[in-house]
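Written out below as structure tokens is the structure these notes cover.
Every number here is computed from the coordinates shown, using simple stated rules; none is lab data. Note that this is a predicted model, so its numbers are computed, not measured. Please note: Cβ atoms are built from the backbone with ideal geometry, for glycine as well, and neighbour counts cover all protein chains shown.
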Amino acid sequence: MKRILFTLLAILGLVLVQAIPAYATTTADVTITATPEYLAITNDTGNWTIGAIAEAFTVYFTADTLVPAEPLADGDMKGTLTNTGSVTSDINIKCANFTGGVGWTMSADETPAANEVNLRAGITGMATLAAMVQVTNADIELKDSIIAAGTIMWCMILETGTFTDGVGKSGVTTLTISKHV
Amino acid sequence: MKIAVVVMVLAMVIVLAGCSSSVVAVVVPAEVEATVTQPAIPYVANNEAQMPSVSDAAAEAKMIDKDWVTPAQVDIGNYYPGARAEFSLRVHNGGNEVGIYDVSYMEPTNTKDGYSMPPASAGSWVTVPGVVVVLPKETKKVLVVLEIPKDAKIDGDWEFWTSVMRQGQGNVQTQVATRWLIKMR
């Protein structure tokens, strides 16, 4: 009888010991902190209208619509991007595939194939045209660490591949500003 | 003695009856209390005054004629699956016409040191209103909610972004992106 009682007590004790840690769980506070830093950007060239374009042809989003000199200089650039926010920021660039007809896909390299376009972006100070960034569907950094009120002057070059239709095309380029970390 | 045994057995039955197959399942996790007051969800315009956010009146007075978003970065700490975190962006329309802004979740282009790209499902964990309308020279709060399923497995700290873009721009458009840094418990 004593053995039975002891066994029951031991079992009960084990049960209670395992329960106690679970009952000791406490409320956890999620913390949220933020500083009033302001993100803002202006671009003084909101549109690029190209018009009719041939296959395997290159057009320039520059001050004089001609190929920029090397190194890239302010006088050849098309537009100005300004960090109008309060925090040092980075600017990234991307372009969605062109729509219309069969569409144009953004080429990942400088040799656009059928229904592809090669888009590159550059800023003042880049040593050569080859140093310009390849613009695709995914964001790529155009310039980092632009201080508040800082500006960069920029341009683009578009080269077409071959076409399988003659339907007009439309593409949208997006410039994103974010806090530099 | 027999009575004592019966009492012990009954006590054990009572204890086990309150448990599931796993003892730790006896406890219902306590409600998470964030350090800021959270409004009811879904987002209701007349709750805007209650939404947590940050501001600097002096800075904003100088920027009244510019479109801007604040904050640039939100740090969420001691976070864990099953918790809920809410904070508001503030979107300002510096123009002279009504502005319609697209607010979206986006994957980071880069992450802060120590933070990884978001898990593949992160986009479904973040709730944003999608579109917000802001009158000229006014500022609107935009609530962003992060809620991760209790059974989600996350390795380490991670980061996601939210973007705000004004509609009606040309084919060369701009947007701003706020960093959300999630430090896991």
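Results, tabulated for the structure shown:
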{"read-out": "Average beta carbon contacts from partner chains per residue of B:70-82, 10 Å cutoff", "value": "6"}
{"read-out": "Relative contact order for region B:58-185, counting Cα pairs under 8 Å that sit 6 or more residues apart, in percent", "value": "36"}
{"read-out": "Relative contact order [Cα under 8 Å, 6+ residues apart], region B:105-157, whole percent", "value": "37"}
{"read-out": "Rounded Å value of the spacing that divides the Cα centres of region A:112-129 and region B:103-180", "value": "29"}
{"read-out": "Chain lengthening between B:LYS137 and B:VAL98 when straightened (0.36 nm per residue, less Cα-Cα)", "value": "13.1 nm"}
{"read-out": "Neighbour-count ranking [beta-carbon atoms within 10 angstrom, fewest first] of B:SER121, B:SER55, B:SER88", "value": "B:SER121, B:SER55, B:SER88"}
{"read-out": "Mean Cβ neighbour count within 10 Å, used as a protection proxy, ranking A:161-167, A:37-43, A:133-139, B:113-119 highest first", "value": "A:37-43, A:133-139, B:113-119, A:161-167"}
{"read-out": "Partner chain coverage, peptide A:90-98 - average Cβ within 10 angstrom", "value": "2"}
{"read-out": "Chain A, relative contact order [Cα under 8 Å, separation at least 6], %", "value": "28"}
{"read-out": "Principal-axis tilt of helix A:2-23 within chain A, Cα atoms, nearest 10 degrees", "value": "30"}
{"read-out": "Shielding of B:153-166 by partner chains, average beta-carbon count, 10 Å", "value": "1"}
{"read-out": "Listed peptides A:61-72, B:63-74 by packing density, highest first (mean Cβ within 10 Å)", "value": "B:63-74, A:61-72"}
